[in-house]
Structures are given as structure tokens and as C-alpha cells.
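Just below is one structure, and these are the notes that go with it.
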Amino acid sequence: MKEIPFLPRTNPDLLAHIQQASPGWRFPIYAGTLFDGNHATLRAAGTTPNAPGWYQRTLRRWISAAFIEWRYFSVITPAFHGIVGMALFNPAERFKQLAEGGLLVILAGMLDLPEQLAAQSHTMRDWPQICWMHLFPTDQLTFEGIDAAMVRAEGQGVQLVCEHLAPQQHRLLLRHERGLEVRLEHYGLDGTAIAPTYAEDVGYLPGTHWVVYNPSPVARTSGAITMTPEFLAQIAGQSFPTIASPALARLVARDTCCARWDHGNGYYEHSFGLNPLPLHGWDFLFVPDAQRQQGIVLQTYQRSQTLRYLEVLWHDGAEQRYTRFSADQLHLVWEDTYLDPHIRVRLPRKRVIVAHKPGLQLELENTILHQIPFLRPATPAVRHFFISEQIGVTNWRLMDDADKLLVEVREQPSGGEIAHGRLWPPRA
């Protein structure tokens, strides 16, 4: 990152701390060094800037508003194909007229799906679908345990407890007093954890950086989602950001619905840093297959070459293998797109990726069967930003330079996201 007056590079000791492969939340580390005005711990020795007071105050406000940390749990099973996510952003709740702040919890996905997803490409909208969010103000959060490895939150009839027992082991409970309960356990497969990747080429503003930490690119997940007619009646009449499809209403209309899964495919990511949400953006794909101990992860962030890569895990006899194709080794194309009437941007129906590095080559085709929009119309900063959660199937194969087939995958259920700013606000 280019040096900017009064803003030398970040203390390498702090960077080493936040990039450790630990299960804890990073927010308390940032809060203790960035948000409290004690910039001496942020800067390298001897480089603390002698800046004017007004500059320091503005810098503190910008830094605390730009902080984001998310935990992303994906479940890919017929009972539930979707995510349970937590995103802590603008935790000091700065600039309230422009931006929301706090811990946003998201439950989004489709229930009661058929085993063969690829055959349902024209009927996906007919299946039960939910998108429900709840925003906890930061003062309702409690971080507990060594390295803040547990978070609790409670307010407005909603309760959250998430325990990060180890980098690859997690347990979550989410409840709503009107009749929603989500229980989730996530366990990453041994030998599949990917070390954190740090980047500074993700934004335009001073101090911008981002860390992608992927301890469970291939995971086993067990859990259950229980919804009562009372809960569904409360959310069924709401517009964006809440979605409760007619098929979900029919499923829950007369009795409590319980979607349960056991040892299904899953994916888990923990990412964080300083980059205000309106300037963020990504194109993201994951294809976990726990049974065969293999998977694909595509990470691409706007403006970044560091965070533009494709990671491949596969099992070769008794050995777990891993490789990464960097930005200059992969070619990504949206082969088919459409104009989404709600988000009001073009979205892909199909991704095609070709990647090559010495000794290995990969071909991938990802068909997106359905997309669920995450829209927050409350304030300008989020009104002009969207996330589209994707449900799809993926074909991929990995070969060596002699065209020997190492892995071939057909119609593997997969997930992904597209996100970036947009000119037009959402249309309900």
C-alpha cells in the first residue's frame, strides 16, 4: 500500500496477531488498538504520526466505521441448502444517518429440496425459501473465553450463542421467541484447513486491508431448523430484506416445520478487516464434498490481485492434496447472465473457469440454479449494496500436464455469492 502522510504502515506485530490460525473473534483486538485512540499500538515503533487532533479524531471514526468481520457457515444438504451467517460491521455505529452498525445474523436458503438439484433448474422458485435477518446492536454482544472464542447476543426476543471450540469446530444456537430455532454444528475435515491470506490491495482509503481465513473449506455439518406457524405469520407479510416464499408458507401453515440434517456437506469461512461495505465486492464459489475429501474455493475481491485465486483440495490415495491457482493462472468468465428484477443488476447464470499452472490444469463449469438477494434498505450505505446468495451445481476436473485425469466431479451441489455496490436501490 502506498505510504500516506500521517498514516504509516500498520504495526507488523498487530498484523501477525490478527493473522493467527485461531478460532477467536478479531473485533476485540481491533477495538483495543484501533478504535480507542491508542494509535501507538497500531504503528510500528518510531512511526507514530504527529498529526493534528482533528485528523486523529476523523481517522478513528473512519477506522471504526470501516471494520467488518464475518463468520459464514454453509450447509449443502437436501433438507437445507443455504447459510447461517454473522457479519459484524461498523461496530461503533458511526455515521448513523448513513450506515447501520452491529452484528447482523442471516438465515437464508431453501428447504426440502430433491436429491438431484440439476434436474430442478426450472422449478427452483417453487421450493420453500427463507431469508431472515436480525441486527444486534454492538452493546448487546458479549465476547467470552480465550481469544474471544464465544459470542453471545440477546435482544428484541432473539438469542444467539456461537461457540468456536477450535478453528475447525463450531456450535451455534439461534432462537426467536415467536418460534424459530436454529442449531448448527460444523466440523472441518482434518488436513483441509487453509491458512489466512492478507491483502492491502482491496480499497482506495487509508489503512484498508482484508484477511480471508478458511479453516473449513470442506466440512461436515449437522443441525436443524425449526419454524412455527406463529414465526412464519410474523415474517410472511414483510418485504425485503425478509423473504418467506409461498411454498414455505404451505410447508409451515398448519404445524411446526423441522428441517434436520446429519453429516452433510458444509463450508466455513472467517474473514475480517478494514474496508467499508459500500466499497467492498466479491465473486465467490465453493464446492465441498466431504465424502470424497475434496473441494473447490474461488475467491475474487474487487480491485485485488492478492485475493483473486482458486484453491483445490483433493485426496490422492492416502494423501490429502492442495494447490492454489493465482490471479495470473486462472481465467473466469460469466458465460450466461440476466438482469435481476429485484437487485437491478446483471447476475451470472453460469461461471466457466479455466486454470493452469506448472504440472496442473483445471476446468470448471458452475450452473447457478437460484439466487437469494440480501438487501438492506434502511440506510444509504447499505441500500446501494447487495449480496446475492447462490444455489447451484458444479462440474470440475483436475488434470496433470500430460492430461492424466486426477479428479472429475459431476453435478456437485455448490454455493457462492456475488456482491458489490449498485446505482439503483432494491425493488421489492
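The values are calculated or read from the model by the stated rules, or taken from the named source; none is laboratory data. Since we're looking at a predicted model, the values are computed, not measured. Note that each Cβ is placed from the backbone with ideal geometry, even for glycine, and that neighbours are counted across all protein chains shown.
Do you know which residues across the range 105-131 are modelled with pLDDT of 95 or more and closer than 30 Å to Ser64 by Cβ? Across the range 105-131, the qualifying residues are Val105, Ile106, Leu107, Ala108. Restricting the range 370-408 to residues that are at pLDDT below 90 and among the basic types (Lys, Arg), the residue that is nearest to Ala79 (Cα to Cα) is Arg376.
As for the range 243-266, it holds no residue that is more than 17 Å from the chain's Cα centre (by Cα), among the hydroxyl-bearing types (Ser, Thr, Tyr) and part of a strand (DSSP E or B). Here Asp147 does not fit the description of being part of a loop (DSSP other than H, G, I, E, B) and more than 20 Å from the chain's Cα centre (by Cα). Check whether at least one residue in the range 123-130 is acidic (Asp, Glu), over 30 Å from Thr323 (Cα atoms) and surrounded by 15 or more Cβ atoms within 10 Å (Cβ to Cβ), and report yes or no. Looking through the range 123-130, none of the residues is acidic (Asp, Glu), over 30 Å from Thr323 (Cα atoms) and surrounded by 15 or more Cβ atoms within 10 Å (Cβ to Cβ). Candidates in the range 353-365 are the residues that are in contact with a strand residue (DSSP E or B) (Cβ under 8 Å, 6 or more places away or on another chain) and either touching a residue at least 40 places away in the same chain (Cβ under 8 Å) or closer than 14 Å to Ser414 by Cβ (or both); of these, the one that is surrounded by the fewest Cβ atoms within 10 Å (Cβ to Cβ) is Gly359. Scanning the range 149-175 for residues that are under 18 Å from His186 (Cβ atoms) and buried (at least 19 other Cβ atoms within 10 Å of the Cβ) returns Ala149, Met150, Val151, Leu160, Cys162, His164, Pro167, Gln168, His170, Leu172, Leu174.
Between Thr226, Thr208, which is of a type in the set (S, T, N, Q) and more than 24 Å from Gly273 (Cβ to Cβ)?
Details: Thr208 fails: more than 24 Å from Gly273 (Cβ to Cβ).
The unique qualifying residue is Thr226.
Picking from residues in the range 259-314 that are under 19 Å from Gln361 (Cβ atoms) and of a type outside the set (A, V, I, L, M), the one that is surrounded by the fewest Cβ atoms within 10 Å (Cβ to Cβ) is Glu311.
Among the residues of the range 154-168, those identified as touching a residue at least 40 places away in the same chain (Cβ under 8 Å) and either polar (S, T, N, Q) or under 25 Å from His17 (Cα atoms) (or both) are Cys162, His164, Leu165, Ala166, Pro167, Gln168. Pairing each residue of the range 273-290 that is under 15 Å from Val409 (Cα atoms) with any residue that is surrounded by fewer than 21 Cβ atoms within 10 Å (Cβ to Cβ), provided the two are 6+ apart or on different chains, yields C-beta distances under 6 Å for Ala290/Arg220. When the range 176-193 is filtered for residues that are under 19 Å from the mean Cα position of the chain (by Cα), surrounded by fewer than 21 Cβ atoms within 10 Å (Cβ to Cβ) and assigned to a strand (DSSP E or B), the ones remaining, listed by number, are Arg183, Glu185, Tyr187. You will find that of Val252, Val297, the residue that is in contact with a Pro (Cβ under 8 Å, 6 or more places away or on another chain) and under 20 Å from Glu389 (Cβ atoms) is Val297 and no other. For the range 195-218, the candidate set comprises residues that are in a strand (DSSP E or B), of a type outside the set (Ser, Thr, Tyr) and over 15 Å from the mean Cα position of the chain (by Cα); within that set, the residue that is surrounded by the fewest Cβ atoms within 10 Å (Cβ to Cβ) is Ala195.
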